[in-house]
Amino acid sequence: MATRPKVVVAHTLPDAGLALLEQRFEVEAGGDRPDPGWLRKNAPGAAAVIADPSVRVDGDFLDVVGRSLKVVANFGVGYDNIDVDAVRARGVRATNTPDVLTNATAELAVALMLATARRLAEADASVRAGRWGRSAASAFLGRELSGATVGLIGFGRIARRVATLLRGFEVRLLAYSRSKGGDADGVEFRELGDLLGASDFVSVHVALTPETRHLIGAETLAMMRRGAILVNTSRGAVVDTAALIDALRSGRLAAAGLDVYEDEPNVPTELRELPNTVLLPHIGSATDSARNAMARLCAENVIAVIEGREPPAPVV
């Protein structure tokens with residue numbers, strides 16, 4: 001009897017995808033964020049490795065897995081953890097899970113705008129500490145999202161969904177994108193500097209590439225309207241953390257809502273200690289419907305490649 005192909009899962013995969021894989025393959029799962037040593041020990045001989053953005057897939061890792069490897073399937077839309085050139089050079093496929101997490105991430109971006117604008121984290125902490133009082137209540141003066149100018153950096157699937165969700169707030173929508181121009185459903189396209197200077201809220205929605213690393217740094221933060229709010233649900237390294245901390249301390253920015261960080265899961269103490277931040281543990285896609293859909297698509301990508309078919313969501 002022929003041995004079934006081995007699939008190594010480098011993190012917890014929801015049952016919606018795991019069950020599909022277990023019907024066809026020998027599956028070895030490392031659980032939630034396994035030790036890197038576990039992955040290097042179990043990956044050799046695998047036909048597929050399911051990774052997430054925290055797992056670095058470079059030439060060295062690919063060589064450890066060996067010539068059996070057919071596909072690296074990312075459980076997520078971002079794939080900056082994958083050395084695409086190294087994958088391509090070895091004739092391996094790479095896939096991701098776009099579209100299915102668009103709405104969940106877009107809703108979280110809007111939630112971060114509201115949470116920072118209305119200072120919800122600060123107010124919640126005050127109540128939990130037993131400091132409810134007239135003076136405390138009057139101190140949590142925020143701002144309304146309605147009628148504000150919102151700038152979207154990047155205008156892909158998630159940013160477009162954010163724009164749709166925000167229309168109910170009657171905001172003015174600006175967008176910066178190297179691939180778009182003109183007007184799209186009431187969105188005004190601007191150069192980056194113009195957008196930063198005109199926006200009350202700036203929400204980041206670009207992939208992490210060499211060109212976008214620290215796109216939001218000291219120079220661009222200085223272009224932002226004083227007292228603006230920054231939201232990032234894309235990739236942590238798009239924002240220079242040290243420069244962001246300085247801008248928050250100085251009052252250049254009123255607040256920041258972050259779901260992603262440069263060195264996840266490590267969040268600098270200086271950032272955690274700032275009261276004018278809302279900090280989330282990378283939960284943009286963390287809804288049952290989104291995660292189950294991601295798991296199914298991830299499994300479908302693996303099944304297609306191993307069976308010699310084109311995957312539904314190819315990267316390479």
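Among the criteria (1) assigned to a helix (DSSP H, G or I); (2) under 16 Å from the mean Cα position of the chain (by Cα); (3) under 19 Å from Val150 (Cβ atoms), the one Leu230 does not fulfil is (1). Residue count for segment 1-31, restricted to those that are under 18 Å from Met294 (Cα atoms) and either among the hydroxyl-bearing types (Ser, Thr, Tyr) or in a strand (DSSP E or B) (or both): 6. Among the residues of segment 77-88, are any touching a Lys or Arg at 6+ places or on another chain (Cβ under 6 Å), crowded, with 18+ Cβ neighbours inside 10 Å and outside any loop (DSSP other than H, G, I, E, B)? For segment 77-88, residues touching a Lys or Arg at 6+ places or on another chain (Cβ under 6 Å), crowded, with 18+ Cβ neighbours inside 10 Å and outside any loop (DSSP other than H, G, I, E, B): absent.
Condition check ((1) more than 21 Å from Leu13 (Cα to Cα); (2) surrounded by fewer than 21 Cβ atoms within 10 Å (Cβ to Cβ)) across all residues:
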residue	(1), (2)
Leu248	yes, no
Leu258	yes, no
Pro265	no, yes
Thr277	yes, no
Asn301	no, no
Val316	yes, yes
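Among the residues of segment 54-64, which ones are buried (at least 20 other Cβ atoms within 10 Å of the Cβ) and touching a residue at least 40 places away in the same chain (Cβ under 8 Å)? Correct list: Val55 only. Selection of strands (runs of 3 or more DSSP E) fully inside segment 166-226 by the criterion of at least 1 residues being of a type in the set (Asp, Glu), in contact with a strand residue (DSSP E or B) (Cβ under 9 Å, 6 or more places away or on another chain) and in the same structural domain as Asp240 (by TED's automatic domain parsing) returns 187-189.
Somewhere in segment 155-165, is a residue part of a strand (DSSP E or B) and touching a helix residue (DSSP H, G or I) at 6+ places or on another chain (Cβ under 7 Å)?
no
Considering only residues in segment 122-148 that are surrounded by 18 or more Cβ atoms within 10 Å (Cβ to Cβ) and modelled with pLDDT of 95 or more, the one that is nearest to the chain's Cα centre (by Cα) turns out to be Leu145. Considering Ala10, Ala73, Ala16, the condition of being within 20 Å of Leu101 (Cβ to Cβ), in contact with a helix residue (DSSP H, G or I) (Cβ under 6 Å, 6 or more places away or on another chain) and at pLDDT below 95 is satisfied by Ala10 alone. Within segment 19-53, the set of residues being without any contact (Cβ under 8 Å) to a residue 60 or more places away in the chain and touching a Lys or Arg at 6+ places or on another chain (Cβ under 7 Å) comprises Glu26, Glu28, Gly45, Ala46.
Does Thr269 satisfy being touching a residue at least 24 places away in the same chain (Cβ under 8 Å) and either of a type outside the set (Gly, Ala, Ser) or crowded, with 19+ Cβ neighbours inside 10 Å (or both)? Criteria not met by Thr269.
Restricting attention to segment 60-76, the residues being within 17 Å of the chain's Cα centre (by Cα) and outside any loop (DSSP other than H, G, I, E, B) number 2.
Considering (1) in contact with a Phe, Trp or Tyr (Cβ under 8 Å, 6 or more places away or on another chain); (2) among the aliphatic types (A, V, I, L, M); (3) assigned to a helix (DSSP H, G or I); (4) buried (at least 19 other Cβ atoms within 10 Å of the Cβ), the lone condition that Ala106 does not fulfil carries the number (1). Checking Gly217, Gly236, Gly186, Gly181 one by one, the residue that is more than 15 Å from the chain's Cα centre (by Cα), small (Gly, Ala, Ser) and modelled with pLDDT of 95 or more is Gly217 and no other.
The values are calculated or read from the model by the stated rules, or taken from the named source; none is laboratory data. What you see is a predicted model; the values in this text were computed from it and never measured. Neighbour counts are summed over all protein chains in view; Cβ atoms, including those assigned to glycine, are modelled from backbone coordinates with ideal geometry.
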